[in-house]
Amino acid sequence: MRFADVIWVALGQLRVNPLRTLFTLLGMIVSVGFLVAVVAIIQGMNAYVTENISSAMVGVNTFQVRRSPISLGLFDDEAMRLIVRRPRISEVDAAAVRDALPDALAISLQSGWPTPQADMVWRDRTLGSVRVFGVSPEYQIIQNYSLTSGRGLDDVDVAEHRPVAVIGAEVAKNLFETVDAVGHDVRIRGRHFTVVGVAGSKGRVLGQSFDGFVLLPISSFEVMYGRRQTTTVSVKMRTADEVAPAIQRAQEAMRLARRLRPGDANNFSIDTADGLVAFWKQLTSVLFAVVPAIVAIGILVGGIVIMNIMLMAVQERTHEIGIRKAVGATSADVRRQFLAESIALAVTGGIMGVTAGWLLALLISTVSPLPARVTPWSVGLALTLGATVGVLFGVYPAARAAKLDPIAAMRAET
């Protein structure tokens, strides 16, 4: 029997009982669809972090000197204990880094995580959940803020603890609407601050606005919130190629400022955009470890269902098998036929699962800020799994069909 005939007959059997075929493939469709959708979302998030979030938060030509690394949650208890004992990042540290990097475009000191949120009040209007940052003036250069009106914070504002603020575009729009915010007084936690500038819009990332903030001189911020345990020094070089040698010099300056001996470990961390991306990929690798287990269970169940359906088909078609053997079909022909039908079932389920997963990923990316990116390797993996399941769970029914005695099979009731 020609290979094309084997495939055609196999597909014909799927068309004979479409409802049974659909229910047979349901487990395979759900498992493969889940695999494709989850991988699409994870891959989309990885690409999004690489292309957008890392540059928005750190920048490819920027690095940060921090008390604790970005990948804080991935440390064991002992490492965490050592991190907690580290001294805070201070103005002394920032000064040491500035002295070591006179060629830097900007070096700033800013309040760290978690960023406090507060209500901002102007006259009888209140805007809630405004993120409050305490910064030195250079932070505005590092974040590439362009002002639509007014001025930015300066060194005098920090030195004199001035009650002034620069607000984001979303705050200006929602609190002041059509009024120019510059020159107006606002209240934050009961304290009065004069708006001296409005920053241009930076848009949204994953549904999170980058414009709902207020920048205060770090000295004024610390009066209101106290010194943060996570204060950070950010350094911006002119090009990304200058970052690596600058990190070396900054590290040496920090070690000298903290009087660390040659054998002592650093009691600070230096992170770049690559570090943020690596941290994110470490987190998603946990998902990649869990997803295959869930998918494997679903595919195993789907494979068992396919095997049972094929055994039922052998029972139902015993008379047909007897006729085929009587007219010259060999046991290998019968085995090949039922194996082809099993593979056709599984691959069809894989194709339908890929389609369902792609549609689900598209739906999620449409109705939510989560990006999705269907990758060729996930589609190939899904189809390979389908074919493999068809082979593994189709061997036994095919072998039973091939072993039937043609005379006994022809005597079977049709």
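The values are calculated or read from the model by the stated rules, or taken from the named source; none is laboratory data. Since this is a predicted model, take the numbers as computed values, not measurements. Glycine gets a Cβ as well: all are built from the backbone with ideal geometry, and neighbour counts include every protein chain shown.
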Sort out which residues of segment 211-235 are over 17 Å from Arg67 (Cβ atoms) and charged (D, E, K, R), and write them in order of number. Asp211
Name the residues in segment 124-144 that are part of a loop (DSSP other than H, G, I, E, B) and either touching an Asp or Glu at 6+ places or on another chain (Cβ under 9 Å) or surrounded by 21 or more Cβ atoms within 10 Å (Cβ to Cβ) (or both), would you? Ser136, Pro137, Glu138, Gln143
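Per-residue answers, yes or no, for (1) modelled with pLDDT under 95; (2) basic (Lys, Arg):
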site: Arg162; (1), (2): no, yes
site: Glu170; (1), (2): yes, no
site: Val179; (1), (2): yes, no
site: Arg187; (1), (2): no, yes
site: Thr194; (1), (2): no, no
site: Lys202; (1), (2): yes, yes
site: Gly212; (1), (2): yes, no
site: Pro217; (1), (2): no, no
Could you please tell me which pairs satisfy a Cβ distance under 8 Å, a separation of 6+ or placement on different chains, a first residue in segment 130-151 that is among the basic types (Lys, Arg), and a second residue that is part of a strand (DSSP E or B) and buried (at least 21 other Cβ atoms within 10 Å of the Cβ)? Arg131/Phe213; Arg131/Val214; Arg151/Val196; Arg151/Gly197
Subset tally (residues that are out of contact with any Leu (no Cβ under 6 Å at 6 or more places or on another chain) and not in a loop (DSSP other than H, G, I, E, B)) for segment 172-198: 14
Within the bounds of segment 170-183, is there any residue that is within 16 Å of Ser220 (Cα to Cα) and either touching a Ser or Thr at 6+ places or on another chain (Cβ under 7 Å) or not acidic (Asp, Glu) (or both)? no
So Asn52, is it polar (S, T, N, Q) and at pLDDT below 70: yes
Among the residues of segment 55-77, write down those that are surrounded by fewer than 20 Cβ atoms within 10 Å (Cβ to Cβ) and either modelled with pLDDT under 75 or β-branched (Val, Ile, Thr) (or both). Ser55, Ala56, Met57, Val60, Ser71, Leu72, Gly73, Leu74, Phe75, Asp76, Asp77
Kindly evaluate Ala159 against the criterion of being in contact (Cβ under 8 Å) with a residue 60 or more places away in the chain and of a type in the set (Gly, Ala, Ser). yes
Only one residue in Ala159, Ala96 is out of contact with any strand residue (DSSP E or B) (no Cβ under 8 Å at 6 or more places or on another chain), hydrophobic (A, V, I, L, M, F, W, C) and farther than 30 Å from Asp241 by Cα. Which one? Ala159
Of the candidates Ser108, Ser129, Ser201, the one satisfying the condition of being under 20 Å from Ser90 (Cβ atoms), polar (S, T, N, Q) and assigned by TED's automatic domain parsing to the domain that holds Val235 is Ser108
Residue check, Ile41 against (1) modelled with pLDDT of 75 or more; (2) closer than 30 Å to Ala332 by Cα, all met but one. Which one? (2)
Count, please, the residues in segment 209-256 that happen to be surrounded by fewer than 18 Cβ atoms within 10 Å (Cβ to Cβ), hydrophobic (A, V, I, L, M, F, W, C) and under 27 Å from Ala159 (Cα atoms). 3
